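Visitor: The structure that follows is given in the form of structure tokens.
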Amino acid sequence: MSLVAERLNLVRPSETKAITARAAELRDEGADVITLSQGEPDFDTPSAVCEAGIQAIRQGRTKYTAIAGIKPLREAIRTSFGRDHGLDYDIDQITVGCGAKQVIFNALFATLNPDDEVVIPTPCWVSYPDMVTLAGGKPVLVACEEFHGFKLRPAALEAAITPRTKWLMLNSPCNPTGAVYSRDDLLALAAVLGRHAHVHVLSDDIYEKLTYDTDFATMAAVAPNLYERTLTISGVSKSDAMTGWRVGYGAGPRALIKAMNLIQGQTSSHTSSISQYAAIEALSGDRSHIELFASAFRQRRDLIVAKLNQAEGLSCRVPDGAFYVFPSCSGVIGKRRPGGEVIKTDTDFALYLLDAFAVAVVPGSGFMASPYIRISYASSLEDLTRACDRITAACAALS
């Protein structure tokens, strides 16, 4: 068996994709399925951004570009980092990829030696551990308890670091919990990292524009002494409703960016030229839609939290960012479905919601935390209300 095949055997099946696929099957069979399992804004891409993409096509901007991204886009990214966070990067410190996911993978693939360790606070985005594994590294999962706001504590970070630790991965706002690390939170973690010069920080800020009760902060800005050890990643997918355009970007040390570009040059080359020109407009044009998106998400968050906390057996904390809630379903574990089957796990509960009440959510086990479920509130208030009513009925039907 090849090394790649061995690593593939260690990669977990995606429960998110499995739930989404099952929901699609039920929908094809005529079921009125409400899908709350996908992390995708339901808003349209702003018209000015779409027009910029159309103009790029009409102007013949459909040829190969630089692997790191076209210079005007990297200049726009450079400006946005300075404007939004006070971070100063040269253009050769910035790279553009096919979504933030590719930028993260490039960084891991470019830096990890066999058995290098990556500290990952959990609950975490489903792809993090698997990307580390595919790149030859070892995920070190550190459980972050709900009573700590699902956030990594300094003592837990200190305990997780070994001589083989290469990266700490931070995602704020977090998928799936919506947890947001404040400036003070980051400073406390930075104090630990200051004692371990071999550990780098991968700061996944893709949800940075979607915070509600805590101001956004990012490690490279909060702790300038870690600037040369931090890769800051963001994109336009969530903030600008551009998931399908596939534009993410990262900024960090020149040597790291150069290595990441080398990896990208031998895999995908560059992201779509058309998408890159659209992203310039997203970053440099009218940004008023972001406030409108965030306001709508806040309203949806408040509705879904209130309704879920009325469901018997569920408990839902109020998230500070992103567009997910991560309610505990511990109160339904051990109960029986109307047919007599016992709900033993959060996966059982998610399948029960889907098969019996046509609501698609994702079990927390996919995010390395049980018993929880992740619910995306990137859907209309009407759909969220109907879904919550069904979830409440599903909980009431258990015995």
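Visitor: Give a quick list of chymotrypsin sites (Phe, Trp or Tyr not before Pro) in segment 36-112 that DSSP marks as loop, anything other than H, G, I, E or B, with at most 12 other Cβ atoms within 10 Å. Working shown, then result.
Guide: Working: sites: Phe43, Tyr64, Phe81, Tyr89, Phe105, Phe109; in loops: Phe43, Tyr64, Tyr89.
Qualifying residues, ordered by number: Tyr64.
Visitor: Could you please state how large a percent of the accessible area of segment 41-195 is carbon and sulfur, counting protein chains only and using a 1.4 Å probe?
Guide: Values: 3370 of 6370 Å².
C and S fraction of accessible area: 53 percent.
Visitor: Same structure again: Efficiency by 1/(1 + (r/R0)^6): what FRET value for Glu145 and Arg298, r their Cβ-Cβ distance, R0 = 22 Å, to the nearest 0.05? Mind dumping the intermediate values first?
Guide: Numbers: r = 25 Å, r/R0 = 1.15.
My answer for the efficiency is 0.30.
Visitor: Can I ask one more? Roll a 1.4 angstrom probe over the protein heavy atoms and tell me the percent of accessible area of segment 261-399 that is carbon or sulfur. Before the final figure, lay out the partial values.
Guide: Details: 2670 of 5230 Å².
Carbon and sulfur together cover 51 percent of it.
Visitor: Still on this model: By its C-alpha gyration tensor, with a ≥ b ≥ c as the square roots of the eigenvalues, how is segment 151-230 shaped: rounded for a/c under 1.5, else prolate for a/b larger than b/c, else oblate?
Guide: Numbers: a/c = 1.86, a/b = 1.63, b/c = 1.14.
Prolate is the answer for segment 151-230, as a/c is 1.5 or above and a/b outweighs b/c.
Visitor: Can you tell me the accessible area per residue over the chain, all protein chains present, probe 1.4 angstrom, in square angstrom? Don't skip to the end; give the middle numbers.
Guide: Details: 16190 Å² over 399 residues.
Computed with neighbouring chains in place, this is 41 Å² per residue.
Visitor: Tell me which trypsin sites (Lys or Arg not before Pro) from segment 136-210 have a DSSP coil assignment and no more than 16 other beta carbons within 10 Å of their own.
Guide: On the way: sites: Lys151, Arg164, Lys166, Arg183, Arg195, Lys209; in loops: Lys151, Arg164, Arg195, Lys209.
When the trypsin sites (Lys or Arg not before Pro) of segment 136-210 are filtered for loop state and at most 16 Cβ neighbours within 10 Å, Arg164, Arg195 remain.
Visitor: Using only Cα atoms, figure out Rg for segment 290-386 and give it as a multiple of 2.2 N^0.38 Å.
Guide: Numbers: Rg = 13.7 Å, N = 97, 2.2 N^0.38 = 12.5 Å.
The value comes to 1.10.
Visitor: Sticking with this one: Calculate, in nm to one decimal, what His196 and Asp88 gain on full extension: separation in residues at 0.36 nm each, minus their alpha carbon distance.
Guide: On the way: separation 108, 0.36 × 108 = 38.88 nm, distance 2.42 nm.
Working it through step by step, the gained length comes to 36.5 nm.
Visitor: To the nearest 0.05, how large is the calculated FRET efficiency for Leu262 and Ala356 if R₀ is 51 Å and r is the Cβ-Cβ distance? Don't skip to the end; give the middle numbers.
Guide: Details: r = 51 Å, r/R0 = 0.99.
Efficiency, rounded to the nearest 0.05: 0.50.
Visitor: Roughly what would the spin-label model give for Val342 and Thr20, points 7 Å off Cα along C-beta, in nm?
Guide: Taking the simple label geometry, Val342 and Thr20 are separated by 3.4 nm.
Visitor: Using the Cα centre of segment 244-335 as the reference point, and only Cβ charges (+1 on K/R, -1 on D/E), how large is the resulting charge dipole? Debye, rounded to the nearest 20. Don't skip to the answer; put the middle values down first.
Guide: Values: 10 positive and 6 negative charges, 48 e Å.
So the dipole magnitude of segment 244-335 works out to roughly 220 debye.
Visitor: For the chain, which span is the longest to avoid every loop-located (per DSSP) member of GluC sites (Glu not before Pro) having at most 13 other Cβ atoms inside 10 Å?
Guide: On the way: sites that count: Glu29, Glu145, Glu312, Glu341.
The segment 146-311 is the longest one with no such site.
Visitor: Considering only protein heavy atoms, with the full assembly of protein chains and a 1.4 angstrom probe, order Ile257, Ile274 by accessible area, largest first.
Guide: On the way: Ile257 0, Ile274 45 Å².
Result, largest first: Ile274, Ile257.
Visitor: Counting other Cβ atoms within 10 Å, which trypsin sites (Lys or Arg not before Pro) in segment 315-353 have at most 10 and lie in a DSSP loop? Numbers along the way, then the final one.
Guide: Working: sites: Arg317, Lys335, Arg336, Lys344; in loops: Arg317, Lys335, Lys344.
Within segment 315-353, no trypsin sites (Lys or Arg not before Pro) qualify (loop, at most 10 other Cβ atoms within 10 Å).
Visitor: Give or take rounding to whole Å, what are the principal axis extents of the alpha carbon atoms in segment 199-358, in descending order?
Guide: 59, 37, 36
Visitor: Could you tell me the center-to-center distance, by alpha carbons, between segment 157-174 and segment 65-95 in angstrom?
Guide: 26 Å
Visitor: For Glu40 and Glu228 in one chain, what is 0.36 nm times their gap in residues minus the Cα-Cα distance, to one decimal in nm?
Guide: Here the answer is 64.5 nm.
Visitor: Something else about it: Return the calculated 222 nm mean residue ellipticity for the chain, to the nearest 500 deg cm²/dmol, obtained by summing -39500 (n - 2.57) across DSSP H runs with n ≥ 4 and dividing by the residue count.
Guide: Values: 14 runs with 164 residues, N = 399.
Value at 222 nm, helices only: -12500 deg cm²/dmol.
The values are calculated or read from the model by the stated rules, or taken from the named source; none is laboratory data. On a predicted model such as this, the values are computed, not experimentally measured, just so you know. In this analysis, Cβ positions are derived from the backbone assuming ideal geometry, glycine residues included, and neighbour counts consider all displayed protein chains. Protein only, heavy atoms only, side chains kept; ligands, DNA and RNA dropped before computing areas. Shrake-Rupley method; radii C 1.70, N 1.55, O 1.52, S 1.80 Å.
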